[in-house]
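As structure tokens, the structure follows; a few thoughts come after it.
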Amino acid sequence: MSPAEAEVRRVLAEHGGLPIEGADLDGDADLFDLGMTSHASVNVMLALEDSFDIEFPDEMLRKSTFESVNAISAALGELGAQAPISCAGRQRRGDEAADHRPLGVSIRTRQHG
């Protein structure tokens, strides 16, 4: 398992609200069929953006992007995400309090220009 896939599985275990541990998920299993809600998928997306220091573009913000471990890994590959940022020495992008907000309270803003 690549470091990127391991991080996807860690994020799913922490934010996906699934009854199965991330390490035990089949790569092609439909996460929504397993119980991940759209609310949880937003939290997964935000955690992945933080972990990989990327931003999912609007055209990737669809259910199919987050439907399985393999789909998420493919999307990260399209975005050029190679490996997660180490938690040690990580410099946060944006709001320092983001990790302390209740689930679902995160608000995402984009700057166009």
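Of all residues in region 66-89, those satisfying the criterion of being at pLDDT 95 or above and among the β-branched types (Val, Ile, Thr) are Val69, Ile72. For Thr109, are the conditions met, namely being modelled with pLDDT of 95 or more and loosely packed, with under 15 Cβ neighbours inside 10 Å? Answer is no for this residue. Against the conditions (1) surrounded by 14 or more Cβ atoms within 10 Å (Cβ to Cβ); (2) under 22 Å from Ile20 (Cβ atoms); (3) modelled with pLDDT under 75, Leu103 satisfies every one except (1). Looking only at residues in region 7-37 that are in a helix (DSSP H, G or I) and free of Cβ contacts under 8 Å to residues at least 12 places away in the same chain, the one that is nearest to the chain's Cα centre (by Cα) is Ala13.
Across region 14-33, the qualifying residues are those that are modelled with pLDDT of 95 or more and of a type in the set (A, V, I, L, M), and the one among them that is farthest from Phe66 (Cα to Cα) is Ala29.
Counting the residues of region 38-73 that are exposed (fewer than 14 other Cβ atoms within 10 Å of the Cβ), free of Cβ contacts under 8 Å to residues at least 24 places away in the same chain and of a type in the set (S, T, N, Q) gives 1.
The values are calculated or read from the model by the stated rules, or taken from the named source; none is laboratory data. The structure displayed is predicted, hence computed values, not measured ones. Counting neighbours? That spans all protein chains shown, and the Cβs are built from the backbone with ideal geometry, glycine included.
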